[in-house]
1. Residues V173, V135, V169, V164: which one is in contact (Cβ under 8 Å) with a residue 12 or more places away in the chain, hydrophobic (A, V, I, L, M, F, W, C), surrounded by fewer than 19 Cβ atoms within 10 Å (Cβ to Cβ) and out of contact with any Gly (no Cβ under 7 Å at 6 or more places or on another chain)?
2. Of all residues in the range 11-53, which are among the aliphatic types (A, V, I, L, M), in contact with a Gly (Cβ under 8 Å, 6 or more places away or on another chain) and under 19 Å from V104 (Cα atoms)?
3. Among the residues of the range 45-70 satisfying the criterion of being in contact (Cβ under 8 Å) with a residue 60 or more places away in the chain and in contact with a Ser or Thr (Cβ under 9 Å, 6 or more places away or on another chain), which is surrounded by the fewest Cβ atoms within 10 Å (Cβ to Cβ)?
4. More than 10 Å from the chain's Cα centre (by Cα), small (G, A, S) and assigned to a loop (DSSP other than H, G, I, E, B): is that true of G95 in this structure?
5. Could you list, in sequence order, the residues of the range 152-170 that are touching a helix residue (DSSP H, G or I) at 6+ places or on another chain (Cβ under 6 Å) and either over 18 Å from A103 (Cα atoms) or of a type outside the set (G, A, S) (or both)?
6. Conditions: (1) modelled with pLDDT of 95 or more; (2) closer than 19 Å to Q45 by Cα; (3) not hydroxyl-bearing (S, T, Y). A80 meets all but one. Number of the miss?
7. Can you find even one residue in the range 79-88 that is in contact (Cβ under 8 Å) with a residue 40 or more places away in the chain, in a helix (DSSP H, G or I), more than 15 Å from K165 (Cβ to Cβ) and not polar (S, T, N, Q)?
8. Would you check if there is a residue in the range 130-138 being of a type outside the set (G, A, S), part of a helix (DSSP H, G or I) and more than 15 Å from the chain's Cα centre (by Cα)?
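The values are calculated or read from the model by the stated rules, or taken from the named source; none is laboratory data. Everything numeric here is computed off the predicted structure, so don't read it as measured data. Here the Cβ is made from the backbone with ideal geometry for all residues, glycine too, and neighbour counts use every protein chain on show.
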Amino acid sequence: MGFSMKLALQQIKNSSVFITFIGFGLLFFCGQVTIPIQPVAITLQTVAMLVIGLTFSKADALKSATSYLMIGALGAPVFANFSGGFTKLMGPAGGFYFGFLVAVWVMCTLRERFSHANTKEMLLIAFAGQTTLYVCGILWLCAYVSPDKAIAFGLTPFIIPGLVKSVLVASIVGYLKK
């Protein structure tokens with residue numbers, strides 16, 4: 001491959017648009033891997049959120065999450081189980097969808113403070129992201145069910161999978177950053 005082709009490929013890889021597309025794709029594809037419980041399914045989207053929050057710049061992370069929410073709100077079937085639309089975004093799982101945006105902001109902000117974060121710090125940042133996601137999701141879900149049910153359906157089934165996802169993603173990212 002010639003020098004100009006290598007340079008062009010490097011510019012594409014470093015492009016904010018390319019990074020945003022990768023983040024959007026991660027959220028989309030991971031959203032299709034679900035355990036369909038009600039009112040909020042367990043998905044691998046939190047894995048995508050953790051990867052984005054632990055590796056992307058704050059601007060690229062926010063653009064990825066925002067584009068995912070906007071495209072889904074416009075009706076494209078990008079949400080879990082190939083669903084989409086404003087009513088889906090505003091439904092019981094809406095707090096978790098908006099929580100992706102808030103969680104990547106929190107994670108990127110913490111990462112900026114720990115610019116050379118080790119695996120232990122990455123794990124704490126991942127836990128902060130998961131906690132942010134749960135708070136957003138549960139508060140939103142309280143508009144649909146009682147607070148007790150919101151915790152029972154919007155937090156309890158997610159705790160162990162969330163811990164496992166956080167430990168795995170933070171460990172892998174921490175290892176790769178060495």
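1. Sole residue among the options that is in contact (Cβ under 8 Å) with a residue 12 or more places away in the chain, hydrophobic (A, V, I, L, M, F, W, C), surrounded by fewer than 19 Cβ atoms within 10 Å (Cβ to Cβ) and out of contact with any Gly (no Cβ under 7 Å at 6 or more places or on another chain): V135.
2. Across the range 11-53, the qualifying residues are L44, A48, M49, L50, I52.
3. By that ranking, first place goes to T46.
4. No: the conditions fail for G95.
5. Within the range 152-170, L155, K165, V169 qualify.
6. So A80 meets the others, but not (1).
7. yes
8. Looking through the range 130-138, at least one residue is of a type outside the set (G, A, S), part of a helix (DSSP H, G or I) and more than 15 Å from the chain's Cα centre (by Cα).
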